[in-house]
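Throughout, read-outs are computed from the coordinates displayed, never taken from laboratory work. In this text, all values refer to a predicted model and were calculated from it rather than measured experimentally. Positions of Cβ are backbone-derived with ideal geometry, glycine not excepted, and every protein chain shown enters the neighbour counts.
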Amino acid sequence: MTVKPVKPQLKVVLVDTNAKVVHEWLAAFADTPEVEIHKGSILDQQVDAWVSPTNSRGRMDGGVDGVIKRHLGAGIQLRVQRAIRDRFEGSLPVGSAVCVPSGATNPKFLISTPTMVHSVQNVSETLNVALACAAAFQAIHMQNALEPGGIRSVALVGMGAATGKVPAQVCANLMWTGYTLFNDYSFEDYDDLRTTIVDQLDDLDSRPEQERVRIQPPTGRSRG
């Protein structure tokens, strides 16, 4: 596994209509003041990319996916599903993402990352929020590697906190884990990212619910 230090120049906005999620974000991200936190709709955020929690087939038929599809038009689902078909043989694994042009000026890109396999699934007992959040940031890293500076700002909602039934505090802490992982390291691909997260968070259900977990570099690896 190759792990590289990353110092992204990226504006990160967390926004949700759920007051409980916003409250827990404020606690979890209290020591990362560079992250903006707002109560409201992602549609109001003027950024380069929106992140939409989705399912493995990219069916934008509910939740934030549905809101974004109605806003950007049906063509956005076709672009997402085409990318999933071309890059992942039609099924997007949890812990991966696709980044597609939105067809609009705001945002320029939509990043779709699955928190669940099916459209409606309880993921409260899984690591899916951390995997999805980290994958979204990995997609930004990969897009900017192709087009330097293409994504300088991004907005994310509370992943898994609605349809996925993830408690607000758990959602906030796992998203903090995904954000700090991106802030600290860059991975060559989604497989390496997933392996690292699962290896270190596999015992999460035995830890206190309020605990935040910062991913450490794999044994024997340094930042250099």
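List the trypsin sites (Lys or Arg not before Pro) within the range 1-90 that fall in a DSSP loop (any state other than H, G, I, E or B) and whose Cβ has at most 11 other Cβ atoms within 10 Å.
none
In debye to the nearest 20, how big a dipole does the range 8-206 give about its Cα centre with +1 on each Lys and Arg Cβ and -1 on each Asp and Glu Cβ?
Magnitude of the dipole: close to 980 debye.
When the Karplus curve 6.51 cos²θ - 1.76 cosθ + 1.60 is applied with θ = phi - 60°, which whole-Hz ³J(HN,Hα) does each residue of the range 179-194 get, with x for Gly and Pro?
With the stated coefficients, the range 179-194 comes to 5, 5, 4, 5, 5, 9, 9, 10, 10, 5, 7, 5, 4, 4, 4, 4 Hz.
Let a ≥ b ≥ c be the square roots of the eigenvalues of the Cα gyration tensor of the chain; is it rounded (a/c under 1.5), or, if not, prolate (a/b larger than b/c) or oblate?
Verdict is rounded for the chain.
Please name whichever of V170, G62, Q216 sits farthest to the positive end of the charge dipole of the chain, dipole taken about the Cα centre and charges placed at Cβ: Lys and Arg +1, Asp and Glu -1.
So the residue we want is G62.
From the helices alone, meaning DSSP H stretches of at least four residues, give me the mean residue ellipticity at 222 nm for the chain, per-run term -39500 (n - 2.57), in deg cm²/dmol to the nearest 500.
Estimated from H runs of four or more residues: -11500 deg cm²/dmol.
Please rank F109, F88, fewest neighbouring Cβ atoms within 10 Å first, as an exposure proxy.
F88, F109
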